[in-house]
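The block underneath contains the structure these notes are about, expressed in structure tokens.
What follows is calculated from the coordinates using simple rules that are stated; it is not laboratory data. Just so we're clear, the structure is a prediction, and the values are computed from it rather than from any experiment. Using ideal geometry, Cβ is built from the backbone for each residue, glycine included, and neighbour counts are taken over all protein chains shown.
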Amino acid sequence: MASRFESDVLDVMRARAPLNLEKATAIADQFGEKPRAIVAAAIRAGIPYEKAAKRSKDGSPVVRKEALVDAISDKLGVQLDGLEKATKTSLQVLLNAIN
């Protein structure tokens, strides 16, 4: 698929690979484009792009319930069946309490 970007833009993207949102924003400012357009063009051109890690509403990294259950089980040294059905908030409180 042909890109709407000229080869000089693609050359800069390849030179700065792997791209992330910060690098894409800098390239977009340099060429007067939108960062998302740079990201999309990089992905279409097969240039490596590293997604930002998912964050929760408060800015902390997302922790899966399975990881919390595993941490609790490891800390207590027992396998607790059914614990994965508890709310994430409850699991976090329990883990904090046993630490």
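The table that follows gives values for the structure above.
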| read-out | value |
| --- | --- |
| Residue order, fewest to most beta carbons within 10 Å, for Val39, Val62 | Val62, Val39 |
| Cα coordinate range in segment 1-48, projected on the principal axes (Å, largest first) | 25, 20, 17 |
| Loop sites in segment 45-99: GluC sites (Glu not before Pro), DSSP, at most 11 other Cβ within 10 Å | Glu50 |
| Helix 21-31 axis, angle to the chain major axis (alpha carbon atoms, nearest 10°) | 20 |
| For Ala40, net neighbour charge (Lys/Arg +1, Asp/Glu -1) across residues whose Cβ lies under 12 Å away | +3 |
| Mean projected area (nm²) of the alpha-carbon convex hull when the chain is viewed from all directions | 9.5 |
| Partner lysines for Lys57 [C-alpha distance under 19 Å; skip if fewer than 8 residues away on the same chain] | Lys65, Lys88 |
| Net charge contributed by nearby residues that have their C-beta within less than 11 Å of Glu66 (K/R +1, D/E -1) | +1 |
